[in-house]
Amino acid sequence: MTPPLEAPVIEPPGPDGAPVADRRAPAPTRSTTFGVAFVLLPREQRDAIRAIHAWSRAVDDSVDEEPDPDRARHRIEAWRRDVAALAEGLPREPESIALAPHVRRFGIPLRYLEELVEGVEMDLDHERYDTFAALRGYCFRVASVVGLICLHVFGDEEERARAYAESLGLALQLTNILRDVGTDAARGRIYLPADERERFGVPEETILRGERTEETVRLLRYQADRARTYFDAAEREMRTLDRRRYVAAEIMGRVYHRLLERIEASGYDVFAREIRVPRLERVWIAATTAAAIRLGR
């Protein structure tokens, strides 16, 4: 399997305000954000995006909605076989059958579908990540890869916007992780890197109990800063591209950027409730973003 081509590590300042070096020594969500972002696409592209979304959700559900790890692994293997079968046009799963014509029409590389399956499978083996370098590989597979798939649907067969898609995918997934700290903890999962929890003085038990301590808020702020640096990196990449081609991705990015702002404004109250961007606000962001891009702003 082709190893992931990852965006560079971008680190916000540490708890003492100094940059922290890399310690190396994965929707889209279920909400209507996806639909709001892609509704303006031409029908052929919109149908392809919907099929990609349905397929990726089905793969994700095979782990997230299956309490039996053995059955979940069996389902993952079935998806892996289905990706291989797509090469011959003979998949078995309904979502794969629906996706097949779009894979052919837009030349979607099957290695990206393999990467996404592998990323979902990581949730069976990793309830914790020691470092951000390890977490980044997971984020790439479950989020950035979806962006790379979408590039082909947008007509970017040469992947000129590859760096943009990688950075935006990381920004979206890191925002998801921040939003879902409480719900993930209820499932026994902690995506916040262990070395950073230790550095900020946040024991694992504090997260699992949903305690929003002063130390926890500093840790979550650090995660938000990291997500913001990836949003900024994506914006820098977009300045070199034709923004009109990627308007749907830009809408998605701006909705999630607003979600990050709402998380920050709540004081990182991610344990008591799930923070969302209201639907009307998402629609407003989509409309104003599309209009601004079409006007060249």
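The values are calculated or read from the model by the stated rules, or taken from the named source; none is laboratory data. Because the structure is a prediction, the values reported are computed rather than measured. Every residue, glycine as well, gets a Cβ built from its backbone with ideal geometry; the counts of neighbours run over all protein chains shown.
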- Item | Exclusive hit being buried (at least 22 other Cβ atoms within 10 Å of the Cβ) and in a helix (DSSP H, G or I), set ALA290, ALA248 | ALA248
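Being within 24 Å of LEU90 (Cα to Cα) and part of a helix (DSSP H, G or I) is the requirement here; does ILE108 meet it?
No: the conditions fail for ILE108.
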- Exactly one of ARG282, ARG276, ARG236 is part of a helix (DSSP H, G or I) and either buried (at least 16 other Cβ atoms within 10 Å of the Cβ) or touching a helix residue (DSSP H, G or I) at 6+ places or on another chain (Cβ under 8 Å) (or both), and that one is ARG282
- Task: Please determine, by comparing only the residues of the stretch 180-233 that are polar (S, T, N, Q) and crowded, with 19+ Cβ neighbours inside 10 Å, which one is nearest to VAL120 (Cα to Cα).
- Result: GLN223
- Message: With acidic (Asp, Glu) and not assigned by TED's automatic domain parsing to the domain that holds GLN45 as the only criterion, which of GLU114, GLU166 stands out?
- Response: GLU166
- Query: Which of the residues spanning the stretch 51-91 are surrounded by fewer than 16 Cβ atoms within 10 Å (Cβ to Cβ), within 17 Å of ILE149 (Cβ to Cβ) and under 22 Å from the mean Cα position of the chain (by Cα)?
  - Reply: ALA54
- Within the stretch 229-277, can you find the residues that are over 23 Å from ARG212 (Cβ atoms) and charged (D, E, K, R)? ASP232, GLU235, ARG236, GLU237, ARG239, ASP242, ARG243, ARG244, ARG245, GLU250, ARG254
- Message: Can you tell me which of (1) modelled with pLDDT under 95; (2) not charged (D, E, K, R); (3) not in a helix (DSSP H, G or I) is the one VAL36 doesn't meet?
- Response: (3)
